[in-house]
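One structure below.
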Amino acid sequence: MFLENAQTTLDELLQNRYYTNRLFPVDDIYRLIENVIYTLAYLAENNCVYRDLCPENIYYSHGMFKLLPN
């Protein structure tokens, strides 16, 4: 999924969890991996390359993780 009204980045979520000493729920980790892999597979099927995969370019919004278009 691409960016649509993103609320926060994965980088911000990770920093917040680190400073508050809380772990990510396993369901959120699975959702993150599933969303990112789905998006990368879709791009590959359409002959696109996503070259800047990093926590700053993954956004969390409405229960889904989304990639910022590059």
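Among the conditions (1) touching a residue at least 24 places away in the same chain (Cβ under 8 Å); (2) of a type outside the set (Lys, Arg); (3) at positive phi, Thr39 misses just one, which is (3). Scan segment 44-67 for residues that are touching a helix residue (DSSP H, G or I) at 6+ places or on another chain (Cβ under 8 Å) and either of a type in the set (Gly, Ala, Ser) or farther than 21 Å from Tyr30 by Cβ (or both) and report the count. Summing the residues that are touching a helix residue (DSSP H, G or I) at 6+ places or on another chain (Cβ under 8 Å) and either of a type in the set (Gly, Ala, Ser) or farther than 21 Å from Tyr30 by Cβ (or both) in segment 44-67 gives 3. Taking the criterion of being of a type in the set (D, E, K, R) and either surrounded by 12 or more Cβ atoms within 10 Å (Cβ to Cβ) or part of a helix (DSSP H, G or I) (or both), the residues of segment 31-55 that qualify are Arg31, Glu34, Glu45.
For Glu4, are the conditions met, namely being acidic (Asp, Glu) and modelled with pLDDT under 85?
Numbers: acidic (Asp, Glu): yes; modelled with pLDDT under 85: yes.
In short, yes.
The values are calculated or read from the model by the stated rules, or taken from the named source; none is laboratory data. Note that the structure is a prediction, hence the values are computed from the model and not measured. So basically every Cβ, Gly included, is an ideal-geometry build from the backbone, and we count neighbours across all protein chains shown.
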